[in-house]
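Read through the structure below, which is laid out as C-alpha cells, and then see the notes.
Any read-out appearing in this document is the output of simple, stated calculations on the displayed coordinates, not a laboratory observation. What you see is a predicted model; the values in this text were computed from it and never measured. Glycine also receives a Cβ, built like all others from the backbone with ideal geometry; neighbour counts cover every protein chain displayed.
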Amino acid sequence: MELIVGNKRVMPKALRRIPGGVEAELVGEGLTSVLDATFAGASIECLGGDLDHHALDVTDIRMGGGSTTVTLMTAREMALH
C-alpha cells in the first residue's frame, strides 16, 4: 500500500493497517506532503489493499526520535485512544 497525497505518490517508511484506517511512519518529503495536505485541504487517499481509493483524514501525529507516525482514518471513522 502507498498513499496518494494531492497528485503525488508517497511511500511511507512503514504502513500498518488499523481498524478504520492506517498508521504511516513518514520522513522527509512524504511527511511534508501529508502535513501540507492536512492544512491546505488537499486529498489523501490509500492506494492498494482494502482501503484502495478511500479518502483519509489525519487524526493523530506522534513524533519520537527520528520518526513521525501519522494516523490516517477513513472519512467516516474516528480515532479513539
ask   = Restricting attention to the range 32-43, and to residues there that are hydrophobic (A, V, I, L, M, F, W, C) and closer than 16 Å to R62 by Cβ, which single residue is surrounded by the fewest Cβ atoms within 10 Å (Cβ to Cβ)?
value = L35
Odd one out for C46 among (1) of a type outside the set (D, E, K, R); (2) farther than 15 Å from T68 by Cβ; (3) surrounded by fewer than 17 Cβ atoms within 10 Å (Cβ to Cβ) = (3)
request  = From the list E29, E25, pick out the single residue that is under 9 Å from the mean Cα position of the chain (by Cα) and either closer than 19 Å to M63 by Cβ or exposed (fewer than 14 other Cβ atoms within 10 Å of the Cβ) (or both).
outcome  = E25
query = Which of the residues that make up the range 5-22 are surrounded by fewer than 18 Cβ atoms within 10 Å (Cβ to Cβ), hydrophobic (A, V, I, L, M, F, W, C) and under 14 Å from L72 (Cβ atoms)?
reply = A14, I18
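Does R16 qualify as being among the charged types (D, E, K, R), touching a residue at least 12 places away in the same chain (Cβ under 8 Å) and at negative phi?
Numbers: among the charged types (D, E, K, R): yes; touching a residue at least 12 places away in the same chain (Cβ under 8 Å): no; at negative phi: yes.
Criteria not met by R16.
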